[in-house]
Amino acid sequence: MYQTDPPRPPKEFLPTMYDLPSEDLEEPGLPDEYHLLQPQLLRETFSTINYPEDRVFVASDLNLYYDVRHPLWYKRPDWFAVVGVPRLYEQQELRLSYVTWQEGVNPFVVVELLSPGTEKEDLGQTLRDANQPPTKWEVYERILRVPYYVVFDRYTNHLRAFQLQGSSYTELELLQSRIWINDIQLGLGLWQGVYQGSDRLWLRWYDAPGNWILTPEERERKQVERQKRRAERLVEQLRALGIEPDFGDEEE
C-alpha cells in the first residue's frame, strides 16, 4: 500500500468495519447458552470508575481484526473490553466488528471460555504453518499486546490469568480465584450464584472493597427493597405516634 503526502487517514484507504463485519452466514457453529450468558454477565458488571461509560467498549463474539497486512484475518474473542475508546463507532454507530487499525486502541482485557475444541489454541499450545494466521495466544500477546488475558474452563472451574510483562505473558498467581487489575480499579473473580435462572460458578467483576458489581436487574431489585423498607419504617413511626396510615381504598 502506498501512502500520500500528507498522509491520508486510515478510514480513507484501509478497510473499515463496514468492509469487515462480524456476521457471516456461512460460518458454521453458534455459541451455546453458556457462551451467551457468561459474556452478558461480564458486560453487565464491567463498570470502571477510571473511564466514563461513553469511553468504554465491550463486546462478545465480535470479529476482532488485528493485522493491516492481512486485513481479512481476525479473531473472535468470547469477551473483550477496550478502554479509552468511544462507546459508539465515530460517536454515532453500533460496531459491526472491531478493526484495530481504524480504532487506534487495542483491547485492554480479553476473556476466553475454554472448550475441548479450542483449549490448545487459547493457551498457545498449538503449532501453525508460517503461511497460516497466528493463534489467538500469539495475536493477543505479540500483535495486539493485550495487557490482560483471562481463560476460564467451566468444566473444571479452573480460572487462569496472564499479564503482559515485557514481550510475553506471565501467569498470575490467583488468590481465591480472583484477579485485581489496578489500572481500571476492577477485579475479576468466580462468583457462586444464580444468574438467568442457573446456579453455578460465574465470572463477574468486583470493586475495590471486594463487592460484586451489581447487574441492572440486581440494582433495580435492591432499589425496590430499599423503598419497601423505608415505607415500613414510616408506617412504624406513624403508628408510634398514634396515627394509622391511610393506604387509600382497598380493592374489593
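The values are calculated or read from the model by the stated rules, or taken from the named source; none is laboratory data. A quick note: this is a predicted structure, and the numbers were derived from the prediction, not measured. Here Cβ is always computed from backbone atoms with ideal geometry, including for glycine, and neighbour counts include all displayed protein chains.
Mind listing whichever residues of segment 31-45 are touching a Lys or Arg at 6+ places or on another chain (Cβ under 9 Å) and modelled with pLDDT of 95 or more? The answer is Gln38, Leu41, Leu42, Glu44, Thr45. Looking across segment 75-90 at every residue that is out of contact with any Leu (no Cβ under 6 Å at 6 or more places or on another chain) and not in a loop (DSSP other than H, G, I, E, B), the one that is modelled with the lowest pLDDT is identified as Tyr89. Summed over segment 91-105, residues that are closer than 18 Å to Arg55 by Cβ and assigned to a loop (DSSP other than H, G, I, E, B) total 6.
Given the residues Asp183, Asp246, Asp153, which is the only one that is of a type outside the set (Lys, Arg) and exposed (fewer than 10 other Cβ atoms within 10 Å of the Cβ)?
Values: Asp183 fails: exposed (fewer than 10 other Cβ atoms within 10 Å of the Cβ); Asp153 fails: exposed (fewer than 10 other Cβ atoms within 10 Å of the Cβ).
Residue meeting the stated conditions: Asp246.
Quick check on Leu36: is it of a type in the set (A, V, I, L, M, F, W, C), buried (at least 16 other Cβ atoms within 10 Å of the Cβ) and in the same structural domain as Lys136 (by TED's automatic domain parsing)? No, not satisfied. Restricting the search to strands (runs of 3 or more DSSP E) fully inside segment 113-175 and requiring at least 1 residues that are assigned by TED's automatic domain parsing to the domain that holds His70 and closer than 16 Å to Pro77 by Cα gives 148-153, 158-165. Residue check: Lys222 meets all listed conditions (1) more than 30 Å from Val83 (Cβ to Cβ); (2) in a helix (DSSP H, G or I) but one, namely (1).
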